[in-house]
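The next block holds one structure in the form of structure tokens; read it before the comments.
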Amino acid sequence: MKIIMLGAPGAGKGTQAKMIAEKYRVPHVSTGDIFRANIKNGTELGMEAKKYMDQGLLVPDELTVKILLDRVAQPDCADGYVLDGFPRNIPQAEVLDKALSELGEKIDYAIDVDVPDENIVRRMSGRRACLSCGATYHIEHIPPKKEGICDKCGQPLVLRDDDKPETVQNRLKVYHEQTQPLIDFYTAKGVLRTVDGTKSMEDVFASIVEILG
Ligand code: AP5
Ligand code: MG
């Protein structure tokens, strides 16, 4: 099963993608997590990506597309995957579509986690992320057991550099201009499904399970 998560920054794509990955036993592939791991490890790719991420801009397609195509060509992706944060614009979607059709494959579902802009800034300022294992928390809605510490790996939790309110506004602008057109793209392919992302994490997941079966 090949699934794409769509939705604004902070809509809960990562939260739901991790739950899907666990239940359906497919890898969770997040381009944002791949970039953040590279930033943490000080790689050249990480340094380059950080310049864009800190401004809320998209990392150029030349860097992003190859990383994603290499990742989904790994053996663990043979039976499917859940993509979180890719594609992010029409050119990326077209490249993915072409790569899949050359293999006689296609995306099964594009799930749009719908959350209005008003809710987004509040969610982002409360988010805390673990840069070691990628787990995400929210200080009010989904707190860790011990404040500031990741439940899964015990490492410290941080506010992401791009979660400052001014950067969040930029990310929302970029989302509306470049990513939202993907809703029409996947509607036309007959694979778009929309879930109400303002509900609780469990209720959103229940709606997704209803779709995926
Ligand atoms: P990326 O890491 O993909 O960030 P994003 O799309 O901005 O989305 P987020 O990760 O911020 O939000 P999310 O939807 O995953 O929400 P989450 O589950 O964490 O990308 C970062 C940057 O990398 C981009 O800006 C760009 O520069 C670059 N990049 C990445 N991919 C790229 C690509 N393909 N091309 C070019 N550039 C790329 O939830 C948010 C918060 O809300 C959390 O605190 C969570 O605990 C909480 N929460 C979740 N669900 C609920 C709920 N139902 N109720 C209450 N709280 C909830
Ligand atoms: Mg995410």
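The values are calculated or read from the model by the stated rules, or taken from the named source; none is laboratory data. This is a predicted model, so every value here is computed, not measured. Here the Cβ positions follow ideal geometry from the backbone for every residue, glycine too, while neighbour counts run over all protein chains shown.
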Exercise. Which residues, taken from segment 104-122, are at pLDDT below 90 and in contact with a helix residue (DSSP H, G or I) (Cβ under 9 Å, 6 or more places away or on another chain)?
Worked result: VAL121
Exercise. Of these, VAL82, VAL59, VAL95, VAL72, which one is touching a Phe, Trp or Tyr at 6+ places or on another chain (Cβ under 7 Å), within 14 Å of ligand 1 (Cβ to nearest atom) and over 25 Å from THR167 (Cα atoms)?
Worked result: VAL72
Exercise. Of the residues LYS51, LYS40, which single one is more than 7 Å from ligand 1 (Cβ to nearest atom), at pLDDT below 95 and surrounded by fewer than 18 Cβ atoms within 10 Å (Cβ to Cβ)?
Worked result: LYS40
Exercise. Pairs under 7 Å by beta carbon, first residue among the hydroxyl-bearing types (Ser, Thr, Tyr) in segment 128-141, partner surrounded by fewer than 19 Cβ atoms within 10 Å (Cβ to Cβ), six or more apart or different chains?
Worked result: SER132/CYS153; SER132/GLN155; TYR137/PRO143; TYR137/PRO144
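Can you name every residue in segment 4-15 that is within 20 Å of PHE185 (Cβ to Cβ) and not in a loop (DSSP other than H, G, I, E, B)?
Listed by number, the residues that qualify are ILE4, MET5, LEU6, LYS13.
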Exercise. In this structure, does LYS13 turn out to be touching a Gly at 6+ places or on another chain (Cβ under 8 Å), surrounded by 14 or more Cβ atoms within 10 Å (Cβ to Cβ), of a type in the set (Lys, Arg) and modelled with pLDDT of 95 or more?
Worked result: yes
Problem set entry | Whichever residue in segment 178-213 is within 18 Å of MET1 (Cβ to Cβ) and surrounded by fewer than 14 Cβ atoms within 10 Å (Cβ to Cβ) and, among such residues, is nearest to ligand 1 (Cβ to nearest atom) | ALA206
Problem set entry | Count of segment 152-211 residues which are of a type in the set (Asp, Glu), more than 16 Å from ligand 2 (Cβ to nearest atom) and assigned to a helix (DSSP H, G or I) | 6
Problem set entry | Long-range neighbours under 6 Å by Cβ, at least six apart or interchain, first residue of a type in the set (Phe, Trp, Tyr) and within 16 Å of ligand 2 (Cβ to nearest atom) within segment 77-105, second modelled with pLDDT of 95 or more and outside any helix (DSSP H, G or I) | TYR81/VAL26; TYR81/PRO27; TYR81/VAL29
For this session: Quick one: in segment 6-48, of everything that is out of contact with any strand residue (DSSP E or B) (no Cβ under 6 Å at 6 or more places or on another chain) and on the phi > 0 side of the Ramachandran plot, which residue is nearest to ligand 2 (Cβ to nearest atom)?
Result: GLY10
